[in-house]
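Please read the structure below before turning to the comments.
Where a number appears in this text, it was derived from the coordinates with a stated rule and is not lab data. This is a predicted model, so every value here is computed, not measured. A quick note on method: Cβ atoms are made from the backbone with ideal geometry, for glycine too, and the neighbour counts reach across all protein chains shown.
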């Protein structure tokens, strides 16, 4: 208020733009939500403030700024449920924690059930999620229409709506604000956030990392943490590490702002489309990933067409609502579609990668757990199943359910 | 939606194809690999930023599996010969 | 001039008045008007309200960049968020302005404007939180509720769009986007050369900028030249012209999305063309750039070129007395033309101190007073301009110049959207102070204003050159094209001044629709949001419905100055598709309803439907019977009855969707021995073996039967759900890894229909219709195949079983499927034959302890986990997955193994998916030791039973486990998963 009367001349910088120092205790590669949250927790929880976050562009400019802002925990496998429910709960208090309004809106999600296989899948998730007190209950088609009047119930529809799964804890948050909030808090705790600083090499000696080469000079650090999305393999390769990851485009698009018409996150797994309405009124819509590897940050129009066709099938009144803007992010898909938060065979090198389409919702819990891993060298229980060694040990966390059939 | 040069049908829309991922040969004698090397073959990928050699299947066409070279930065694409 | 309509001129049909309604009031315009020009001519100045402050807004532009006059069409044309400049006037049109209540002229939300000081850019990040206790009471959710209701523009239509949408693939040699002077020349050049050419333009008639300002070409009015071009183009057999069609997106390999608006004028709302062009010429023109000064958003402040467009093209004059403010020379011609059309230009304020003297004298000759080196530092008037506030260099005060129109001429911004989407780099042109196309990465050229050539003569020449070059690049041999003669153009001589110093704390808007001011951008910069992307996202500048077409460059300019850097150093943001919004209806096209995901049916489907079966998709888009209810039966009763019939008498099951493949060739056996972990080589002719396919990681991929017809000829089945994946898999291994193996793989899933007679009476029923097949078990043992005739139809009969009972699977060519089914029903009539759906089939397999891919084989299980280790032949030299089965760490316990569960309460089903806990360690561990994969009331055991995957499950047989408390907490005994006939006597009967 005081600032308002002074015409906002006195707001201070949200974060500094420091010159990189010659060395740090920890260097984090990637100034997105994950890297910034990790830096924040290193400083806050472990007293490690001599940390640099290196961002090749502008902070929050990668997948943090390109996702569809959904936060949920309706996963299939127990370790995933536990992790994402922890993250979802941290989101509920994140604005207060960071003293920055990330606009988390706990509006709930409905997963539509349109096949009997999905019905079984929902029951399994529901019972597994109950173990961590995450609510996921089956609701009737009538209840779906009560909550989302846009949805047309047509018993003759190609895939009639048999019911829905209601996930009341799910919500959306403002993606940029999450990055800025963590950046501001990390900066206040002494972390150096260095933008326009691209890592071009990782220095090693005796099987351990010693520092990074960047476009702004060499920066030494005994611990280097990779928290990048869309480039995990490229950065890991600098340390001679191969990852079980492929990078593919994932597209999203928004409509022009509309008066409130959708109060929940609505997900249609059978036809691969989901949507929510932002506070500004835009419908933000996502679908399936493109079917090839790419680093081009662009996708194919037929993937958008498929998502929109599904949308119109569910909500035919959206026909004259228009797509205002479309974009693509590059997502790193791990072999088993679960993330990798882990130590590596290279001493001092840690990775927090392979988040696929689920990185945004993971930011608070990932930051917290990854910081502990970096600080102590030991993964907390929450992320133990997501180690890189799970592949060699034969313990993947396969997040895609096998196609179900009755033969 | 880029064009993919099918060696049999010519250039067709990407929609007709299924990607088979980067072109890797299965080791001739898997039994000769130790566990770590086999796990590397199974799970790890080059995931190259730049030109990759990869398999495509003309699933909604002639059903030929074939190889192309494609730049993952701009989708520039050209036919590639099969490995010997 | 009558009202605001000029006495003559304009491309409107004054003999056809058109009545329409706006915000509840009736008006009249003419055929040929847009909603915007008709409103302007009717004297409506306030056409909308801004997003945040609800400030009254008037028209600023005449084309796609209009961002203030956003309307909702109502009635049968109901549609949200359309710029009034793009809505053709038609009889009965009814529109309302969006984001205001009750109307644009009188809007209660305008209170926000008074509170503006409290609501700067990014205010919502720093407020609405309160102290922690208030947060916990949910302050933000309430604020959010209020914000959401205040935000948003139009509303979703209440009714379905009555019109249809279409999609087309399209191809051409040369695509020319834009039918202005450059585009027309490019199309002429390419078309004359013989290239298959497409010319696309968003306006309903050709001419581009020539429609909107009086010009001369070849010594005659420009539009005469345009008409001559169009006549020639429309006569070319190799050229198609799409008018009222927007090229909205540029994708990989020269695929351009083109949206035709109402192409047939009646039934079609839009047609989406995905146009693959070998060469593209972008002649997309340029948009005029506004200037930034205090209250530059007041109704009556508009782009100078827009005012001329309204006057020249529509005969509608936007005001009576105008002040023109300019930083370049193009404003002079605009002002002179407007003056000739009857607008009083009270002052031309040139921000440049020393404009070319010829310009000044020309303007003065037209009676226009030119003030050089002066600025417009603000305007007066709330719902309409009443005066411009002009400050001159040599006087200290501010002069109040009464006027009702302030025209901004801030130079030109090439429309580079499509070029940028094509992947081409943009370059900052320091001479012209605008972004222009740089190096292209796809076969695309820019011509005319789109490439930064703003004068008409150069546009024509570049158009001709681009069209010629595009055709030449494709091997055509174009003749030289004569470029028409035009009068010499004046150079722009633009001074890079856009923001004009104004009154302190006056609000100078950069992004009109999102209410972003220059002060907001400086605030963002001070707070550290220095990168253009941060500033944009923090202030929301450039993210409104016009996607920054008017505001983006001014935003970059203000930011660059705040940072004290050159514009080029600040960079730009990415131009994303679409250029203008594309309706979801158009993107979906005709791919709705049943076409969204085609389903498959077996030849027997009409019978199932007539029998009252509940049809649904069990897998892989096959619609098939789930169960056949009798009377008032529900799923459970019907399923139980059907399953009992199979155990005790006779059932019939339509198993046609099963994946089927013929593998033929001298190396077929060797190939299958590598594909299956099960041994194939020693399978005898006429015999069948159950086999497993593993993925290379050793986990079960699919299961099915392998039948050998001949030494070089096999017939294999896959699960229904995996049939497509198995086919791709087989072809891949053959073509990519083992191309030297000689064999063919033929998918024959839909070539064969297949009915299964199952149950102890199956043989009795089959005996009625079998010809040439001995049915007794010695002659025709389990896991063998016989060819013969069934009910007179050529058939392959296989003794396999998915239910645990005596079964005969009868395959006939698909065209005989229905007849086979009917004859089998007749043959079994006296034996009480019961049709069985997939639900009962599921129950039967659970009781028998058979696995189901997708249930127990969930992508993690290896054969041994499922008790199928005996089907793996580790003696084979190699097979897919073999190496992985030998991974030491993978074999280590604990592994989840398939077991049976018998609940203590024999009438209570364990919920499928329920987590399982060891009894001794409590019910609600976070780490369950397994989960229930399938449950049913066993038809033979007449009790509840389940299959589960359980850690070290086989070791736990005989112990008791319990479910999590949410799942009911039931206790159950762990048993062998084969509940029924463990020795298999029944299926071998």
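Against chain C, whose longest principal axis comes from its Cα atoms, helix C:552-563 is set at around 80 degrees. Counting only other chain Cβ atoms within 10 Å of each residue's Cβ, the peptide B:58-65 averages 3. Summary of the geometry: the range C:50-82 and the range C:246-289, compared by the centres of their Cα atoms, lie 23 Å apart. Between residue C:829 and residue A:139, the modelled labels are 5.2 nm apart [label points 7 Å from Cα along Cα→Cβ]. Evaluated at q = 0.15, 0.27, 0.32 Å⁻¹, the base-10 log of the normalised Debye intensity for the range A:118-168, with identical point scatterers placed on the Cα atoms, takes the values -0.45, -1.01, -1.18. Structural descriptor for chain C: relative contact order 9 percent, calculated from alpha carbon pairs under 8 angstrom and at least 6 residues apart.
Would you mind getting me the FRET efficiency between residue A:17 and residue C:737? Use the beta-carbon distance for r and R0 = 51 Å, nearest 0.05. Don't skip to the answer; put the middle values down first.
Details: r = 53 Å, r/R0 = 1.05.
Step by step, r from the Cβ atoms, then E = 0.45.
Just need log10 I(q)/I(0) for the range C:683-732 at q = 0.14, 0.16, 0.21, 0.32 Å⁻¹, Debye formula, equal scatterers on the alpha-carbon atoms, no solvent, rounded to two decimals. Summing over Cα pairs of the range C:683-732 leads to -0.38, -0.49, -0.78, -1.16. Is any residue of the range B:46-84 close enough, with backbone N under 16 Å, to a label point placed 7 angstrom from the Cα of residue C:744 along the Cα-Cβ axis, and if so, which? Taking a point 7 Å out along Cα→Cβ of residue C:744, the residues of the range B:46-84 whose backbone N falls under 16 Å are B:62-64. Maximal additional length on extending the residue C:266-residue C:386 stretch stands at 38.8 nm, based on 0.36 nm per residue less the C-alpha distance.
By the gyration tensor of its Cα atoms, with a ≥ b ≥ c the square roots of the eigenvalues, what is the shape of the range C:857-989: rounded for a/c under 1.5, prolate for a/b over b/c, or oblate? Could you put the intermediate results ahead of the total?
Numbers: a/c = 2.60, a/b = 1.33, b/c = 1.95.
It is oblate, given that a/c is not under 1.5 and a/b is not larger than b/c.
Write down the percent of antiparallel bridges among all DSSP beta bridges whose residues are both part of the protein assembly as shown, to the nearest 5. Counting only bridges with both partners in the protein assembly as shown, antiparallel ones make up about 75 percent. Beta bridges per DSSP, both residues in chain C: antiparallel share near 70 percent.
Compactness of chain A is given as radius of gyration and Dmax, 21.5, 73 Å, from Cα positions. Distance between the pseudo-spin-label points of residue B:81 and residue B:26 (7 Å out from Cα toward the beta carbon): 2.4 nm. Distance distribution note for the protein assembly as shown: the fraction of Cα pairs above 55 angstrom is 31%.
Model label sites at residue A:378 and residue C:976, defined 7 Å from Cα along the beta-carbon direction, differ in position by 4.5 nm.
Per-residue packing, averaged as other Cβ atoms within 10 Å, sorts the ranges C:440-450, A:153-163 into the order C:440-450, A:153-163, beginning with the highest.
Legend: mean number of C-beta atoms from other chains within 10 angstrom of residue C-beta atoms, peptide C:569-582, equals 3. Against chain A, whose longest principal axis comes from its Cα atoms, helix A:33-46 is set at around 60 degrees.
Label reach from residue C:787 (point 7 Å along Cα→C-beta): in the range C:810-827, amide nitrogens under 15 Å belong to C:811-813.
Stretched out fully, how many nm does the piece from residue C:485 to residue C:358 gain, at 0.36 nm a residue minus the Cα gap?
Details: separation 127, 0.36 × 127 = 45.72 nm, distance 2.23 nm.
Full extension of this stretch gives 43.5 nm more.
Peptides B:62-70, C:656-664, A:305-313, C:594-602 ordered by packing proxy, namely the average of other Cβ atoms within 10 Å per residue, highest first: A:305-313, C:656-664, B:62-70, C:594-602.
By per-residue mean of other Cβ atoms within 10 Å, what is the highest-first order of C:390-399, C:511-520, A:85-94, C:552-561? Each step should come with its number before you reach the end.
Working: C:390-399: 12.8, C:511-520: 26.4, A:85-94: 20.6, C:552-561: 24.3.
Answer by packing, highest mean first, reads C:511-520, C:552-561, A:85-94, C:390-399.
Give me the Kirkwood hydrodynamic radius of chain C, using the inverse of the mean 1/r over all pairs of distinct Cα atoms, in Å to one decimal.
Details: mean 1/r = 0.0292 Å⁻¹.
That comes to 34.2 Å for chain C.
Rounded, prolate or oblate: which fits the range A:254-368 when a ≥ b ≥ c are the square roots of the eigenvalues of the alpha-carbon gyration tensor, with rounded for a/c under 1.5 and prolate only if a/b beats b/c? Verdict is prolate for the range A:254-368. Taking a ≥ b ≥ c as the square roots of the Cα gyration tensor eigenvalues, with a/c under 1.5 meaning rounded and otherwise prolate when a/b beats b/c, else oblate, which class fits the range C:360-502? Because a/c hits 1.5 or more and a/b exceeds b/c, the range C:360-502 counts as prolate.
Panel order for C:244, C:829, by other beta carbons found within 10 Å of each beta carbon, from fewest to most: C:829, C:244. Rounded to the nearest 10 degrees, the inclination of helix C:139-150 to the longest alpha-carbon principal axis of chain C is 60 degrees.
Partner chain Cβ atoms within 10 Å, averaged over the residues of A:121-127 - can you pull that number for me?
Details: counts 3, 1, 6, 8, 1, 5, 13.
Going residue by residue through A:121-127 and averaging, the value is 5.
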